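Working notes, structure below.
None of the figures in this text is laboratory data; all of them are computed from the coordinates on show. Keep in mind that this is a model prediction, so the values were computed, not measured. Here the Cβ positions follow ideal geometry from the backbone for every residue, glycine too, while neighbour counts run over all protein chains shown.
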Amino acid sequence: MRKRKVYAMASFFGIFLFCLCIVGVIPKKVQAAGRLEAVTGVRVAQKTPNTVKLVWKGVKAADGYEIYRSTRKDSGYKKIKTISSATTHTWRDYGSVPGQTYYYRVAAYGNQVGGMISGAKSTPVKAKILSAVEQYGTLSVKNGKLVDKNQKEVQLKGVSSHGLSWFPEFINYDALKTMRDEWGVEVIRLAMYTEEYNGYCVGSSDNKKQLEKKIADTVEDAKKLGMYVIIDWHILSDGNPQKNQAQAKAFFKKLSQRYKDEKHVIYEICNEPNGGTTWAQIKSYAKVIIKTIRTYDTDAVIIVGTPTWSQDVDLVAKDPIKGYDNLMYAFHYYAATHTDWFRQKVETAAKAGLPIFVTEYGICDASGNGAIDKKQADAWVKLLDKYGISSCIWNLSNKSETSAMLVSGCKRTSNWKKSDLSDSGKWFVKMMQKSLATVGSGK
Ligand code: IDC
């Protein structure tokens, strides 16, 4: 009696399942139950540094895919990602380390009544992750844009130091490596103040030597890591660059002689002219410094500051410096202070074909402090991405100010944890991850 009831229930359940299948409520792989094909057609479609993009052919009845990675071909594969979508057949690994060769395998998975089943892993594909300098090589400027060794447009994203005399501890090999491997940073700017406390032009000769050593060491570190480095003559209270022109000339002569064969060195010759300094005055200074650099280094990218704290790119676009290749012009913004009107200046200059490099920006106000304006910060990112304009965020330090990327009191000088990052730092890392996840996919 009881048995018959069980049979009746079982057959009722069977019919019920059958009906569900017919109306399509139960997904196909349950009907197909058992096994999934191995993924085929896996290949690397690599376009940007520090990342690898995989694509593959879809497998019938899969619910999603699993990505496995190893540094050896035949063993050591670890699952690094589960993609819970049957229709996504591409994935970008931006947690990869430049210089490293990886092997990737992809497997399909399906949700069955009895649990999840996985198909066999694909045959391994190999990818050597390239650093920014390996990928892009010698940079130059063409038709108002920064381009790579193949004349393809390049948009670099990175970080500026704080004053090198004040926070030198955060600029070291491990710090650069952390920024490269974990944040995707491709360029580092070394801000060497000229006239503020312990600046290059006002400090002791010992201080000057220390600054020069810091720059020399960092240029070497950046070379090993395949990162670009901007050497920034950080004028500020000395509003007119002509004030310390003789020192600037000697400094850039020494550096361009030393780095004439390096691919990764970029010169920024006057951070932010201000105090009424005119474009004519900046131009006259720039011509002297550019001529000096070009005597030794014939092709390095040189960035020229623009009037009013490097804001008047629209004016400069009407009268750029002629007679030299590979020149760019600095534009700086602080998102909580500079909004639509300043974006218009960039649009005007970019449309006029002026090569712009945002060597400094913040997401707080122009004092480097105050509240963050994320809405404006994102509007700026959108604009820079639209024109492919490269940028560096101000600043890598633990100073108690909003623009500092590390929380004040942070002792760690590399390998930062999330809790070491300030709101500016967190915003930057998030922006970089988003940017790395989308570069190359749409462009
Ligand atoms: C600020 C620093 C701050 C320092 C001050 C004066 O964040 O700690 O006390 O300089 O030396 C710039 C300048 C840059 C400023 C930054 C924020 O290039 O040196 O750094 N800023 O005020 N231009 C616009 C903003």
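Over region 44-87, all Cα pairs binned in 10 Å intervals from 0 give whole-percent P(r) values of 23, 46, 30, 1, listed from short to long. Look at the alpha carbon pairs under 8 Å that are at least 6 residues apart: their mean separation over the length of the chain gives a relative contact order of 13 percent.
Only helices enter the 222 nm calculation for the chain: every DSSP H run of n ≥ 4 contributes -39,500 (n - 2.57), and dividing by all residues gives -10000 deg cm²/dmol, rounded to 500.
Of the residues VAL313, VAL265, the one with the fewest other Cβ atoms within 10 Å heads the list, and the complete ranking is VAL265, VAL313.
Can you sort THR292, THR88 from fewest to most other Cβ atoms within 10 Å of each residue's own Cβ?
Values: THR292 21, THR88 11.
Fewest-to-most Cβ neighbours within 10 Å comes out as THR88, THR292.
Working note: Karplus 6.51/-1.76/1.60 with θ = phi - 60° gives region 125-135 the couplings 10, 9, 9, 8, 7, 9, 6, 4, 5, 5, 6 Hz, where Gly and Pro are set to x. Counting only alpha carbon atoms, the long axis of helix 205-225 and the longest principal axis of the chain meet at about 30°.
Scanning residues 5 or more positions from ARG189 or on other chains, those with amide H under 5 Å from its amide H are VAL159, SER160, SER161, ILE230, with H placed 1.01 Å from N in the peptide plane.
Taking only the C-alpha atoms of region 69-198, Rg followed by Dmax gives 20.9, 72 Å.
When PHE331, PHE167, PHE428 are sorted by how many other C-beta atoms sit within 10 angstrom of their C-beta, beginning with the fewest, the order is PHE167, PHE428, PHE331. Comparing Cα centroids, region 68-93 and region 154-185 end up 29 angstrom apart. Cross-link partners for LYS73 among the aspartates and glutamates, with Cα-Cα distance under 18 Å and sequence neighbours closer than 8 places in the same chain left out: ASP93. Within the straight-line cut-off of under 20 Å between alpha carbons, the lysines reachable from LYS399 are LYS214, LYS411, LYS417, LYS418, LYS426, sequence neighbours fewer than 8 places apart in one chain being disregarded. Compute the angle between helix 423-438 and the longest alpha-carbon principal axis of the chain, please, reported from 0 to 90 degrees and rounded to the nearest 10. That works out to roughly 60 degrees.
Each residue of region 142-147 is assigned a 3J(HN,Hα), and the resulting list reads 9, 6, x, 10, 6, 10 Hz, derived from the Karplus form 6.51 cos²θ - 1.76 cosθ + 1.60 (θ = phi - 60°), x at Gly and Pro.
Roughly what percent of Cα-Cα pairs across the chain reach past 41 Å?
Across the chain, Cα pairs with separations above 41 Å total 28 percent.
For region 307-389, the relative contact order works out to 33 percent when only alpha carbon pairs closer than 8 Å and six or more residues apart are counted. Close amide H pairs (under 5 Å, H built 1.01 Å from N) link SER165 with TYR193, residues at least 5 positions away or on another chain. The residue among VAL133, PHE170, GLY184 whose Cα reaches farthest toward the positive pole of the charge dipole of region 129-189, with charges on the beta-carbon of Lys, Arg, Asp and Glu, is VAL133.
Note that region 299-316 has calculated 3J(HN,Hα) couplings of 9, 4, 6, 10, 9, 9, x, 10, x, 6, 6, 6, 10, 8, 5, 5, 5, 5 Hz, one per residue in order, obtained from phi through the Karplus relation 6.51 cos²θ - 1.76 cosθ + 1.60 (θ = phi - 60°); glycine and proline are x. Taking amide H as placed 1.01 Å from N in the peptide plane, CYS270 has its amide H under 5 Å from the amide H of TRP233, GLY305, each at least 5 places away in sequence or on another chain.
What is the helix-to-structure angle for 340-351, meaning the angle in degrees between its Cα long axis and the longest Cα principal axis of the chain, kept from 0 to 90 and rounded to the nearest 10? Relative to the chain, helix 340-351 is tipped by roughly 90 degrees. Among the lysines in region 283-384, how many pairs, 8 or more places apart or on different chains, have alpha carbons under 29 Å apart? Going through region 283-384 pair by pair, I get 25. Under 15 Å of direct C-alpha separation, and excluding same-chain neighbours fewer than eight residues apart, LYS243 reaches these aspartates and glutamates: GLU195, GLU196, GLU272. Normalising the average separation of contacting C-alpha pairs (under 8 angstrom, six or more residues apart) by the number of residues puts the relative contact order of region 205-289 at 39 percent. Taken about its Cα centre, the chain carries a charge dipole of roughly 2660 debye when the Cβ of each Lys and Arg holds +1 and the Cβ of each Asp and Glu holds -1.
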